[in-house]
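The values are calculated or read from the model by the stated rules, or taken from the named source; none is laboratory data. Since the model is a prediction, treat every value here as computed from it, not as a measurement. Cβ placement follows ideal geometry from the backbone for every residue including glycine, while neighbour counts extend to all protein chains displayed.
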Amino acid sequence: MLYIVPTPIGNLQDITLRALETLKSADAVLCEDTRRTQILLTHFGISKPTYRYNENDERSVERCLEALKSGKHCALVSDCGTPCISDPGWKLVRAARAAGIAITSLPGPSAVACALAGAGLTGGSFTFLGFLPRKAGKAAKLLTAAAQLKHPIVIYESPYRVVKMLELIAKTLGEQTPVVAARELSKVYEEYAQASAAELATQLSKKNKVQGEFVLIVDCFDSSSSTETTDDSTDF
């Protein structure tokens, strides 16, 4: 059995009871970084073998798959949040499914859901792009295509590249494009900042040091495209 186990994105108290029980009962924990995961396990008094899962190494994927084929119950975790969502894991999950291995995905912390709820931009559709390509041309093409859907666009970005990303958004979609920047979610210095892409880029560029992982929500929502109706037809 392969368990996909979300872990806190910042505040350790956000781990679920089910996640803790799964980690306690697993034969092994497959980690993005064993050192990061060990901190979590130690905090909750869990002692389990940990093994690094390297998605970019086919031998690592195969070793983890062989452990599952041998009958071991393995918990798959990333450094934070839900595995496979802009984090390693999907290749192992795909291989496990192909091999007929049972898979259980636990609900839990996710930066995209947390940021969207706090931003208040939409209660419905959105476009999640995760981490965009490093090449500006490819990133711009993805932004342009996503903007045509008229839904908020959600992007992950590091503190080292967030200014460049905001500048790219301003250049591609327009300087006045509204953006909500969520930083340090669930942590002590959690912050939401809302302004135009150009203004946020300017504000952050003036800081001596930008810290914390960012979730950028580009407001492309078009209320005029809502499919809500006021007729009296019967709902299902």
Out of the residues in the range 38-77 meeting the condition of being touching a Leu at 6+ places or on another chain (Cβ under 8 Å) and of a type in the set (Val, Ile, Thr), tell me which one is surrounded by the fewest Cβ atoms within 10 Å (Cβ to Cβ). 46
If I ask for residues that are free of Cβ contacts under 8 Å to residues at least 24 places away in the same chain and under 29 Å from residue 187 (Cα atoms), which ones from the range 91-123 would you list? 113, 117, 120, 123
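Could you say whether any residue in the range 127-139 is more than 20 Å from the chain's Cα centre (by Cα) and touching a residue at least 12 places away in the same chain (Cβ under 8 Å)? Step through it out loud before you land on a result.
First, the residues of the range 127-139 that are more than 20 Å from the chain's Cα centre (by Cα): 135-138.
Retained after the next criterion (residues that are touching a residue at least 12 places away in the same chain (Cβ under 8 Å)): 136.
So far as the range 127-139 goes, yes, one or more of its residues are more than 20 Å from the chain's Cα centre (by Cα) and touching a residue at least 12 places away in the same chain (Cβ under 8 Å).
In the range 1-60, what count of residues is obtained for those that are basic (Lys, Arg), free of Cβ contacts under 8 Å to residues at least 40 places away in the same chain and farther than 14 Å from residue 72 by Cα?
Of the residues in the range 1-60, the ones basic (Lys, Arg) are 18, 24, 35-36, 48, 52, 59.
Retained after the next criterion (residues that are free of Cβ contacts under 8 Å to residues at least 40 places away in the same chain): 24, 35, 48, 52, 59.
Remaining after also requiring farther than 14 Å from residue 72 by Cα: 35, 52, 59.
Residues that pass the stated criteria total 3.
Would you call residue 48 over 23 Å from the mean Cα position of the chain (by Cα) and either among the hydroxyl-bearing types (Ser, Thr, Tyr) or part of a loop (DSSP other than H, G, I, E, B) (or both)? Give the derivation first.
Values: over 23 Å from the mean Cα position of the chain (by Cα): yes; either among the hydroxyl-bearing types (Ser, Thr, Tyr) or part of a loop (DSSP other than H, G, I, E, B) (or both): yes.
Spelling it out, residue 48 is indeed over 23 Å from the mean Cα position of the chain (by Cα) and either among the hydroxyl-bearing types (Ser, Thr, Tyr) or part of a loop (DSSP other than H, G, I, E, B) (or both).
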Can you find a residue in the range 28-35 that is surrounded by 12 or more Cβ atoms within 10 Å (Cβ to Cβ), within 23 Å of the chain's Cα centre (by Cα), at pLDDT 95 or above and among the small types (Gly, Ala, Ser)? no
Filter result (within 16 Å of residue 1 (Cα to Cα) and acidic (Asp, Glu)) within the range 20-62: 21, 27, 62
